[in-house]
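Peer 1: Sharing a structure below in structure tokens format, with a few things to ask.
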Amino acid sequence: MRAMTWPQRIMWLVIIAAVLVWSLFPVFSIAMTSFKTQAGLFSGTLLPEEWTWENYATILAPGGSAQDLFLPALRNSIGISLIATFIAVVLATLCAYAIARLDFPGKRIILTTALAVSVFPIVSIVTPLFNLWRVVGLYDTWLGLIIPYLSLTLPISIWTLAAFFRQIPWELEQAAQVDGATPFEAFRKTVVPLAAPGVFTTAIIAFFIAWNDFVYGISLTSTDAARPVPAALSFFTGASQFEAPTGAISAAAIVVTIPIVIVVVIFQRRIVSGLTQGAVKG
Amino acid sequence: MTAEIAATGALRADRDRPDTATRPKKRRSDRARAEARLGWMLAGPAFGIMLLVTLYPIVQALWDSLFSLRLTAPDDREFIWFRNYQVILGDPAFWQSMGVTLFITVVTVLLELIIGFAFALVMHRAIKKLRGFARTAILVPYGIITVVSAFAFFYAFDINSGGYVNSWLSWVPGFDEDLNWFASQSTSLVVIILSEVWKTTPFISLLLLSGLAQVPGDLEEAAKVDGATSWEVLRRVILPNMKAAIMVAVLFRTLEAFRIFDNIFIMTAGANDTEALSLLAYNTSIGRLEIGLGSAISVLLFLSVLIIAGIFIKGFKVDLSAGRNS
Amino acid sequence: MRTLRRTVAGLSAVALAATLGACSADDGVPTLTWYINPDDGGQAEIAASCTEAANGAYRIETSLLPRDAASQREQLARRLAASDRSLDIMSLDPPFIPELAEPGFLAPVPDTLQDTDGIVQGAVQSASWNGELVTVPFWANTQLLWYRESVAEAAGLDMSQPVTWDQIIEVAEDQDKQIGVQGALAESLTVWINALVASAGGQILEDPEASPDEMQLGLETDAGRAAADIIGRIGSEGLGGSGLPTADENASMNLFQGDSGSFMVNWPFVWPAMQSSDPEIIDDLGWAVYPRVDAATPAAPPVGGINLGVGAYSENTDLAWRAVECIVQPENQAQYFVTNGNPPSNTAAYDDPQVQEQFPMADTIRESLDLGAPRPQTPYYNEISIGLQRTWHPPTAVNPDATPETSTDFILAVLRGERLL
């Protein structure tokens, strides 16, 4: 890479600063709100006039009123989202590979169904699914949420991975097969390394879709056995039924963001290395 | 051959595999059958699960839309053919809602494409030391729970909840510091769109990044050596080679934007004519417990989305075959 | 890969079994699940004390419903419609009760709980449907008129006499102050409209028990026009502040606490809230019964609260009603008022010395509840409320010549299924 001139360096610094401000300012805003007292919420300023930890105590400390709502919800969210992501990525990889490489009847149907299923309004799916789950016994369970989350995450995963696989030349696998590898070995040695960045991207997207879900979470659960965080937020309460629990919600938001930031920091390196090395060159 | 394929990198049509036309017919049908079996074995589980969850509810919703059915009046259920659809399509509230939804969709996707592409460039090209920061920062909004980010923007703008934005903008000439952002349609939409764009730009920038990284560096170098400006390099080399990634990103983003719900629900609950179609469906199905009418709205929403998807897929296919030869 | 998938499936099955298994307690004592709206822990305390008092006959466990009333209604309606057997006791917001009672989702109230002597009138009405009691009143809420004594004095207004909306508006205009009302597009707006119409001697719904095709609204009357006039004037003259179109109960309280505060109509939660956030204002604070529309007619203050119902599909309806009987005892209600700020529905509870001490306005609240008029009782309440909200918002656009008519036409069209809401 050419050495950067100073004006270029400064330009980059400014750009990065702008990016950081744009991306992190609302997070900063919620963080500030989480440190405000109940009265200070209406002060009309960004920074708290009076700093307090009481909101965090509410959701995390043993005596906190929302603690037995929040911690189980956090556990549920992480567990359900991870499992759903794992299953979705595995299934989608197989499916996308088949779509990108093989020719079989019904390929288009699968893609179209994937699209159609992911866009049908959840609002109308929820009540019949609720009835079905109650009959089958999946109401208020992890599996009862994992399965609908799969229907949310599989379509985009399949489409993304299929687009990714298509851009990896068929010739690489063929060459490996000519060299004596079985189709599976050929796949493993040539395609998997190149597909890794795509798989990680897909995994992140799938995880966040599952993580963000609200409607399924609130309709298919009734106790903290399976209730995820976005749904639990609507059970938080202020000092009276008319007081919105702004402080508690903000604190919960920040607590929930920390693992996200960790996940992002880890995965962004993987994607980076994969993407910059894996680009196919002539 | 390899170089050519690498050079285009575009989304190839399904038929674009190594030529099998020269093989004898018998082996081909055997091979075709084996391939079909393998294909369905690999793709079957995913397909099966997708259907499992949604087939019954979707069919049930379609069926319900032909009834006048209210959850708390189960005995008054009545089969009314397509009258629900008649009522909906003849109601100005539905078309108003459709208009708002289309407006939000177009504006957010356009903004996200531009900002997302800029972010993809930053993620790809920033100087090494700052790259990690940039990437982490860009991806963080995507991980914030939508409901929470809606609250963040709401509390920043709402004068009833201690919003500070008004005091920051007071230096703008002609700006009314008492402006209630959520009291009129235009200002409400500004905040809603801002929140939506902030939250989902990372998704587009991620997909654009993976497309960007697949553009071969030599093509760019070659173009620059030939004297092209950065802008021309962008238009003639980078963008055409990213068509696949752009298509997937824009397609899914548009479909998602069309179904916007969380942000509007939290900020205005549909007041001031900001009620998008999803919210209308929600209010009817779950608010009014009118399952029949609500299912009909959902079906119409679904059809609209399918139409949009169809336009996209057809549209991009046409562009692609032209782009490959340039 | 296959082994991994199998392991995951196995783990999920184990998780599933564990969750299902955790549901039943093992000591033979029947567990009653009480679905409560979120509060400050008061209902859970009552559940514990009644479990103790039951001496092993039953155990009450609380389960949370979402914070806002609409979501509570949605969850309960969906589960009752699916004949859920685990819904034993439910804390119900009064406007939903006809909707749940009409299809038979609520178990009938036993004779032991039918006696409504000693329960404030407003609560009794909100707990009934089709002429009979279908739920048992637990706590009852009402709005009072709160005012700044300094402002009332400066205007020469005698607050020991009933005041009217006209007087309040006049004072606010003269003194250049603002009035705390809830103009947001929410249930609070319906509460306000209903209180105004009822105070003027009318009613929003003329025949609550009619079928949706035949309902008649009482908005195109003098009462309706008077209500529209008051809301329109407050809106167009900016007396509610610039935040009026989105002002909820909390926002009204904040406005009242500010420099332009003068009068406010709000629920008693503001008393403990203002005490903790702004103690100085307490010296300048006065309260009275809801303002009148017509000087000669007593006001009809808003009525809210919570009534307790038992699910029709519950496996322990008798035990559930016994538990309800324990929960609504005057001692428990008084305790709940003192700790959570939610006023009792039982008049005896108001005499409790702790209540009188913590809430000096307790007697005013009781008086207000006796005068109170509940919102229209009908299974189609949701349509009427939202229809009103759509057409009577924003307050600046409300006027007596057009609004009653527009809203009546719209709501009736929606009820007949001709229009979307």
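The values are calculated or read from the model by the stated rules, or taken from the named source; none is laboratory data. None of the values given here were measured: they were computed from a predicted structure. Cβ sites come from the backbone with ideal geometry, for glycine too, and all protein chains shown count toward neighbours.
Peer 1: So which residues in the range B:125-159 are more than 8 Å from every other protein chain (Cβ to nearest Cβ) and modelled with pLDDT under 85, if there are any at all?
Peer 2: Passing the criteria: B:ARG125, B:LYS128, B:LYS129.
Peer 1: More than 7 Å from chain B (Cβ to nearest Cβ), among the hydroxyl-bearing types (Ser, Thr, Tyr), surrounded by fewer than 21 Cβ atoms within 10 Å (Cβ to Cβ) and part of a helix (DSSP H, G or I): is that true of A:THR112 in this structure?
Peer 2: Working: more than 7 Å from chain B (Cβ to nearest Cβ): yes; among the hydroxyl-bearing types (Ser, Thr, Tyr): yes; surrounded by fewer than 21 Cβ atoms within 10 Å (Cβ to Cβ): yes; part of a helix (DSSP H, G or I): yes.
So A:THR112 passes the test.
Peer 1: Another one. I need every pair where a residue in the range C:374-385 that is within 11 Å of chain B (Cβ to nearest Cβ) has its Cβ under 6 Å from the Cβ of a residue that is surrounded by fewer than 24 Cβ atoms within 10 Å (Cβ to Cβ) and among the polar types (S, T, N, Q), sequence separation at least 6 or different chains.
Peer 2: Close Cβ pairs (under 6 Å, with a partner that is surrounded by fewer than 24 Cβ atoms within 10 Å (Cβ to Cβ) and among the polar types (S, T, N, Q)) amount to C:SER385/C:THR190.
Peer 1: Assuming B:ALA309 fulfils every condition listed in (1) of a type in the set (Gly, Ala, Ser); (2) more than 9 Å from chain A (Cβ to nearest Cβ); (3) surrounded by fewer than 21 Cβ atoms within 10 Å (Cβ to Cβ); (4) in a helix (DSSP H, G or I) apart from one, which condition is it?
Peer 2: Against the list (1) of a type in the set (Gly, Ala, Ser); (2) more than 9 Å from chain A (Cβ to nearest Cβ); (3) surrounded by fewer than 21 Cβ atoms within 10 Å (Cβ to Cβ); (4) in a helix (DSSP H, G or I), B:ALA309 comes up short only on (2).
Peer 1: Something else: Within the range C:181-197, identify whether any single residue is touching a residue at least 24 places away in the same chain (Cβ under 8 Å), of a type in the set (S, T, N, Q), outside any helix (DSSP H, G or I) and closer than 29 Å to B:PHE182 by Cβ, and answer yes or no. Steps first, answer last, please.
Peer 2: If we filter the range C:181-197 for residues that are touching a residue at least 24 places away in the same chain (Cβ under 8 Å), which is where we start, we get C:181-197.
Narrowing the set further to residues that are of a type in the set (S, T, N, Q) leaves C:182, C:188, C:190, C:194.
Okay, now just the ones that are also outside any helix (DSSP H, G or I), so C:182.
Next, only the ones that are closer than 29 Å to B:PHE182 by Cβ stay: C:182.
Scanning the range C:181-197 turns up at least one residue that is touching a residue at least 24 places away in the same chain (Cβ under 8 Å), of a type in the set (S, T, N, Q), outside any helix (DSSP H, G or I) and closer than 29 Å to B:PHE182 by Cβ.
Peer 1: Among the residues of the range C:331-361, write down those that are part of a loop (DSSP other than H, G, I, E, B) and of a type outside the set (Gly, Ala, Ser). Talk me through it step by step, then tell me what you get.
Peer 2: Here is the first cut: in the range C:331-361, the ones part of a loop (DSSP other than H, G, I, E, B) are C:341-343, C:345, C:352, C:359-361.
Hits for the range C:331-361 are C:ASN342, C:PRO343, C:ASP352, C:PHE359, C:PRO360, C:MET361.
Peer 1: Hey, another quick one. Given (1) within 30 Å of B:ILE159 (Cβ to Cβ); (2) more than 7 Å from chain B (Cβ to nearest Cβ); (3) of a type outside the set (A, V, I, L, M); (4) out of contact with any helix residue (DSSP H, G or I) (no Cβ under 9 Å at 6 or more places or on another chain), identify the lone condition not met by A:GLN38.
Peer 2: (4)
Peer 1: Yes or no: A:GLU243 within 27 Å of A:TYR97 (Cβ to Cβ) and among the acidic types (Asp, Glu)? Even if it seems obvious, please write down each step before you answer.
Peer 2: Working: within 27 Å of A:TYR97 (Cβ to Cβ): no; among the acidic types (Asp, Glu): yes.
Spelling it out, it is not the case that A:GLU243 is within 27 Å of A:TYR97 (Cβ to Cβ) and among the acidic types (Asp, Glu).
Peer 1: Continuing with this model, one more query. Six or more apart or on different chains, Cβ atoms under 9 Å: show the pairs whose first residue is in the range B:67-86 and at the interface with another protein chain (Cβ under 10 Å from one of its Cβ atoms) and whose second is in a helix (DSSP H, G or I) and surrounded by fewer than 17 Cβ atoms within 10 Å (Cβ to Cβ).
Peer 2: B:SER68/B:ASP76; B:ARG70/B:ASP76
Peer 1: Restricting the search to the range C:26-44, which residues are assigned to a loop (DSSP other than H, G, I, E, B) and either within 14 Å of another protein chain (Cβ to nearest Cβ) or not acidic (Asp, Glu) (or both)?
Peer 2: Scanning the range C:26-44 gives C:GLY28, C:VAL29, C:PRO30, C:ASN37, C:PRO38, C:ASP39, C:ASP40, C:GLY41.
Peer 1: Another question, then. Would you mention how many residues in the range A:90-101 are of a type in the set (Val, Ile, Thr) and crowded, with 21+ Cβ neighbours inside 10 Å?
Peer 2: Matching residues across the range A:90-101 total 2.
Peer 1: What are the pairs, 6+ residues apart or on separate chains, where a residue within the range B:148-173 that is of a type in the set (Val, Ile, Thr) has its Cβ under 6 Å from a residue that is assigned to a loop (DSSP other than H, G, I, E, B)?
Peer 2: B:ILE159/B:ASN180; B:ILE159/C:GLY243
Peer 1: Which of the residues that make up the range B:261-273 are within 22 Å of B:PRO92 (Cβ to Cβ) and crowded, with 24+ Cβ neighbours inside 10 Å?
Peer 2: Result: B:ILE264, B:THR268.
Peer 1: Report yes if some residue within the range B:218-233 is aliphatic (A, V, I, L, M) and under 30 Å from A:THR246 (Cβ atoms); otherwise report no.
Peer 2: No, the range B:218-233 contains no residue that is aliphatic (A, V, I, L, M) and under 30 Å from A:THR246 (Cβ atoms).
Peer 1: Exactly one condition in (1) closer than 18 Å to A:VAL264 by Cβ; (2) touching a residue at least 24 places away in the same chain (Cβ under 8 Å) is not met by B:GLU112; state its number.
Peer 2: (1)
Peer 1: Moving on to the next point. Which residues, counting only those in the range B:280-313, are at positive phi and within 14 Å of the chain's Cα centre (by Cα)?
Peer 2: none
Peer 1: Applying the selection to the range C:247-282, what residues are without any contact (Cβ under 8 Å) to a residue 24 or more places away in the chain and more than 25 Å from B:ASP178 (Cβ to Cβ)?
Peer 2: C:GLN275, C:SER276, C:PRO279, C:GLU280, C:ILE282
Peer 1: Right, next: Is it true that A:ALA252 is in contact with a Leu (Cβ under 6 Å, 6 or more places away or on another chain), part of a helix (DSSP H, G or I) and at pLDDT 85 or above?
Peer 2: Answer is no for this residue.
Peer 1: Quick test for you: out of C:ASP318, C:ASP352, pick the one residue that is within 30 Å of C:ALA54 (Cα to Cα) and either surrounded by 17 or more Cβ atoms within 10 Å (Cβ to Cβ) or within 14 Å of chain B (Cβ to nearest Cβ) (or both).
Peer 2: Every option except C:ASP352 fails the conditions.
Peer 1: Can we say A:ILE80 is in the same structural domain as A:LEU152 (by TED's automatic domain parsing), at pLDDT 85 or above, surrounded by 20 or more Cβ atoms within 10 Å (Cβ to Cβ) and assigned to a helix (DSSP H, G or I)?
Peer 2: yes
Peer 1: Let me ask something additional. So which of C:ALA82, C:ALA77, C:ALA101, C:ALA123 ends up being away from chain B (no Cβ under 14 Å) and closer than 28 Å to C:ILE384 by Cα?
Peer 2: Details: C:ALA82 fails: away from chain B (no Cβ under 14 Å); C:ALA77 fails: away from chain B (no Cβ under 14 Å); C:ALA101 fails: away from chain B (no Cβ under 14 Å).
Of C:ALA82, C:ALA77, C:ALA101, C:ALA123, the one residue that is away from chain B (no Cβ under 14 Å) and closer than 28 Å to C:ILE384 by Cα is C:ALA123.
Peer 1: A follow-up question, please. Any chance you could count how many residues in the range B:39-80 are among the hydrophobic types (A, V, I, L, M, F, W, C) and not in a helix (DSSP H, G or I)?
Peer 2: Residues in the range B:39-80 being among the hydrophobic types (A, V, I, L, M, F, W, C) and not in a helix (DSSP H, G or I): 7 in total.
Peer 1: Right, here's the next one. List the helices (runs of 4 or more DSSP H) that sit entirely inside the range A:173-226 and contain at least 1 residues that are surrounded by fewer than 19 Cβ atoms within 10 Å (Cβ to Cβ) and modelled with pLDDT of 75 or more.
Peer 2: A:183-186, A:192-212
Peer 1: Looking for whichever is over 22 Å from the mean Cα position of the chain (by Cα) and either modelled with pLDDT of 85 or more or within 9 Å of chain B (Cβ to nearest Cβ) (or both) here; the options are A:VAL136, A:VAL126. Which one fits?
Peer 2: From the options A:VAL136, A:VAL126, the qualifying one is A:VAL136.
Peer 1: Take residues that are under 18 Å from the mean Cα position of the chain (by Cα) and tell me which of the strands (runs of 3 or more DSSP E) falling wholly in the range C:238-330 contain 3 or more. Before you say what the answer is, go through the steps one by one.
Peer 2: On the way: elements: C:261-266, C:285-288, C:303-310.
It comes to C:261-266, C:303-310.
Peer 1: Which one is nearest to the chain's Cα centre (by Cα) among residues in the range B:69-86 that are surrounded by 18 or more Cβ atoms within 10 Å (Cβ to Cβ) and not basic (Lys, Arg)?
Peer 2: Restricting to residues being surrounded by 18 or more Cβ atoms within 10 Å (Cβ to Cβ) and not basic (Lys, Arg), the top hit is B:ASN84.
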